[in-house]
Amino acid sequence: AERLMYSEKQDYYRHILDHGREHRIGVSGQVWEEIDNGRFVVHLQPVVELESGMIVGAEALVRKVGTEGRLIAPDKFISQYEVEGVIWHVDFYVFETVCSMLNRWLKAGISLKVSVNFSRYTLIKPSLVHDLLSICERHGVSPKMLNIEVTESVSQVDRDQLAKIVDDLKSAGFFIVLDDFGTKYSNLSILSAVDFDWVKLDKSLVADIEYNIRSRMVVKETLRMCGDFNGTKLLAEGIETEGQLKLLNGYRCDYGQGFYFSKPLPIEDFEELYREGSFLPRMDSGAQPAGY
Ligand code: C2E
Ligand code: MG
Ligand code: MG
Ligand code: MG
């Protein structure tokens with residue numbers, strides 16, 4: 001079904017952006033009914049080791065299927081589900097879809113780590129760790145194959161609460177990623193309170209490193225700091241140009257994601273890309289970026 005929805009590969013992103021707005025109002029009926037009716041699909045964007053160009057994992061990104069099979073971007077519906085208190089249904093659907101996929105991959109000899117994004121409203125679900133572990137168990141998947149991406153919220157209370165939840169998830173075996181680091185909703189103090197496995201540098205910082213020396217300095221210092229933490233890895237998101245890739249590689253940033261390598265793809269298309277060779281263009285290859 002995903003393949004049909006994805007008929008116009010090239011126009012994929014423009015498509016989402018152009019048509020998302022009209023669905024903003026009245027977007028959620030009963031979310032669990034929508035889930036049962038297949039109204040949500042999971043796309044995967046490759047996570048790439050920058051030096052080798054090798055795919056080492058993927059991030060799961062949810063889309064909603066609108067009228068006529070149009071895909072609606074998450075920014076258009078996540079916040080409404082958060083307000084309604086039902087976002088965890090969506091997050092759990094994505095989590096479960098990823099677990100069942102990982103089970104299939106295990107049987108096919110593919111071992112890639114996959115990231116899922118959790119709303120902070122999902123994170124405060126009291127039975128969270130227990131629920132996630134039973135989903136993993138049901139699909140025969142180890143928590144070690146899953147990264148959980150979280151974003152920092154604004155207040156101090158949330159920070160301490162987040163630290164506790166991250167600890168519990170880590171104890172259960174999940175890897176935890178701080179998403180969107182470097183935006184206005186994140187600050188340095190979260191890094192002193194929480195031991196993240198990965199930090200994701202927000203795409204707004206990556207966007208102008210070629211032209212803004214101060215952005216370059218911020219990126220370099222963040223890399224140095226993560227290097228000084230015990231084993232925290234830095235991933236740069238939103239890499240769109242060879243110039244950005246060159247700079248990040250020069251700074252020894254280990255991992256990245258972005259349209260330069262590939263847009264988020266339906267699961268089957270991601271699997272095809274991976275089977276085709278699992279190497280995406282590197283800084284010195286001169287090859288055409290994949291996924292376009
Ligand atoms: P995010 O987790 O920071 O995901 C990265 C976003 O950047 C994705 O947008 C991705 O498609 C986009 N992106 C990737 N490479 C590039 C690039 O080179 N340039 C640019 N300009 N953008 C790039 P998307 O898929 O629209 O998702 C937006 C946000 O929605 C995500 O940001 C995440 O916060 C949220 N989200 C996505 N899936 C889920 C989910 O299952 N649950 C929850 N709670 N939130 C989700
Ligand atoms: Mg993310
Ligand atoms: Mg992000
Ligand atoms: Mg984001």
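The values are calculated or read from the model by the stated rules, or taken from the named source; none is laboratory data. Please read these numbers as outputs of a predicted model, since none were measured by experiment. In this analysis, Cβ positions are derived from the backbone assuming ideal geometry, glycine residues included, and neighbour counts consider all displayed protein chains. Calculation scope for accessible area: heavy atoms of the full protein, side chains included, ligands and nucleic acids excluded. Shrake-Rupley method; radii C 1.70, N 1.55, O 1.52, S 1.80 Å.
Would you say residue 2 is at pLDDT 90 or above and open to solvent by 20 Å² or more (accessible area, probe 1.4 Å)?
So residue 2 does not fit the description; no.
If we keep just the residues of segment 111-141 that are touching a residue at least 40 places away in the same chain (Cβ under 8 Å) and open to solvent by 30 Å² or more (accessible area, probe 1.4 Å), which is nearest to residue 255 (Cα to Cα)?
Per the stated criteria, the residue is 113.
Pull out all pairs, ordered by first then second residue, where Cβ-Cβ is under 8 Å, the residues are six or more apart or on different chains, the first lies in segment 167-187 and is within 15 Å of residue 222 (Cα to Cα) and away from ligand 3 (no atom under 14 Å from the Cβ), and the second is in a loop (DSSP other than H, G, I, E, B) and open to solvent by 10 Å² or more (accessible area, probe 1.4 Å).
Final answer for the pair search is 187/152.
For (1) within 26 Å of residue 111 (Cα to Cα); (2) at pLDDT below 95; (3) of a type in the set (A, V, I, L, M), each residue gets a yes or a no:
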site: 208; (1), (2), (3): no, yes, no
site: 224; (1), (2), (3): no, yes, no
site: 229; (1), (2), (3): no, yes, no
site: 239; (1), (2), (3): yes, no, yes
site: 252; (1), (2), (3): yes, yes, no
site: 257; (1), (2), (3): yes, no, no
site: 268; (1), (2), (3): yes, no, no
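Sort out which residues of segment 74-90 are open to solvent by less than 10 Å² (accessible area, probe 1.4 Å) and touching a helix residue (DSSP H, G or I) at 6+ places or on another chain (Cβ under 7 Å), and write them in order of number.
Correct list: 81, 87, 90.
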